[in-house]
1. Out of residues 5 or more away from Leu241 or on other chains, whose amide H comes under 5 Å of its own, with H placed 1.01 Å from N in the peptide plane?
2. Using a 1.4 Å probe, how large is the accessible area of Tyr211, given in Å² and rounded to the nearest 10?
3. Sort region 62-141 into rounded, prolate or oblate with this rule: let a ≥ b ≥ c be the square roots of the eigenvalues of the Cα gyration tensor; rounded if a/c is under 1.5, and if a/c is not under 1.5, prolate when a/b is larger than b/c, oblate otherwise.
4. Could you please put Lys235, Lys171, Lys117 in sequence from largest to smallest accessible area, using a 1.4 Å probe?
5. Two decimals is fine: what's Rg over Rh for region 125-194, C-alpha atoms, Kirkwood radius as Rh?
6. How large is the accessible surface of Leu119 in square angstrom, using a 1.4 angstrom probe and rounding to the nearest 10?
7. If you plug each phi of region 105-113 into the Karplus form 6.51 cos²θ - 1.76 cosθ + 1.60 with θ = phi - 60°, what whole-Hz ³J(HN,Hα) values come out, in order, with x for Gly and Pro?
Amino acid sequence: QQPSAVIRRKHKPANNMAMNAIRLCGDMCRLAAIVVLMRRLETARNAQGISLKTHQLYLLVCLARYTDLVTTFYSWYNSVMKVAFILLHCRVIYLIQWDGSISSSYDRDLDDFPDFKCLVLPAAALAAGIQMGTGSASGYGPIIQTQELVWMFSIVLESVSIVPQLHILRKYRVIENLTGNYVFLLGVYRGLYGFNWVYRSYHEPGYRHHYAVYFFGAVQTLLYLDFFYCWLRSKREGSELSYGGEGDADYYDRDVNELRNHDNSLLLMGGEDDSNADCDVRRRGATTSKDTEGTA
């Protein structure tokens with residue numbers, strides 16, 4: 001019987017929650033990814049190409065994984081980062097769903113991946129099956145057993161939380177830079193954390209291999225590989241980022257390369273002039289400014 005992460009940590013002193021360069025780089029990439037996304041939302045005042053469902057899933061992952069915030073103190077760094085990630089995901093969800101000028105551009109028809117049926121429910125079933133199969137929490141009280149179950153649920157769910165975002169990006173002919181960088185940084189974070197788990201198993205006293213964690217970490221990293229290839233190719237060639245080939249013809253007029261900064265004066269990706277100003281792309285304030293000029 002192998003002790004789970006929750007059980008291992010419950011019986012380890014706080015100073016054994018070792019920090020290493022791999023974990024630190026992973027945390028910084030995750031933090032940078034969310035900051036880049038927030039900058040993109042608040043600069044463009046537009047949520048096109050962003051999946052609300054992905055961030056709702058990430059928030060659920062954080063709430064399930066960080067239940068130990070109220071039971072165990074490991075370090076100030078650990079606690080602050082956990083609270084920061086929860087608050088940042090809440091902020092992103094607020095901007096997309098309730099901030100007027102941003103939420104009005106969010107397209108629910110494109111963000112249509114069935115996340116609850118295809119991701120949340122299977123993740124819960126797998127987590128329950130893994131806990132029963134390994135018996136990792138047997139012999140412990142109901143609190144530890146519940147923490148162990150929701151911790152494993154968060155591991156499984158996080159491995160597929162990016163799927164709605166990748167699903168929506170495939171519907172666009174071109175992906176603007178900030179959205180591409182945000183997804184790339186999330187992928188780097190997951191890759192680094194996979195190495196972090198292995199590193200800790202060999203170098204941190206009391207930390208043992210957890211093969212279910214390795215498996216789902218590998219699944220998540222594999223989901224990013226195709227996007228990594230497209231992102232690196234666009235950087236090497238200096239070309240526009242395209243993911244999923246030509247995309248769906250029904251969405252050509254939703255090209256996010258046409259997104260503007262807050263006052264519609266600058267393309268987020270730069271480059272060509274505004275020769276396609278009449279294309280069907282929602283731009284914050286564009287209609288309002290035209291109406292104002294017409295009544296002046």
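The values are calculated or read from the model by the stated rules, or taken from the named source; none is laboratory data. Because the structure is predicted, anything quoted here is derived from the model rather than measured. Side chains included, ligands, DNA and RNA excluded: accessible areas come from the protein's heavy atoms. Shrake-Rupley method; radii C 1.70, N 1.55, O 1.52, S 1.80 Å.
1. Residues meeting the criterion, in which the H sits 1.01 Å from N, are Ile175.
2. Per-residue accessible area (Tyr211): approximately 150 Å².
3. Working: a/c = 4.71, a/b = 1.39, b/c = 3.37.
In terms of gyration-tensor shape, oblate.
4. Working: Lys235 95, Lys171 25, Lys117 140 Å².
Descending accessible area places them as Lys117, Lys235, Lys171.
5. Working: Rg = 17.1 Å, Rh = 14.5 Å.
We get a ratio of 1.17 for region 125-194.
6. Accessible surface of Leu119 is approximately 10 Å².
7. 9, 6, 9, 5, 5, 7, 8, 10, 5
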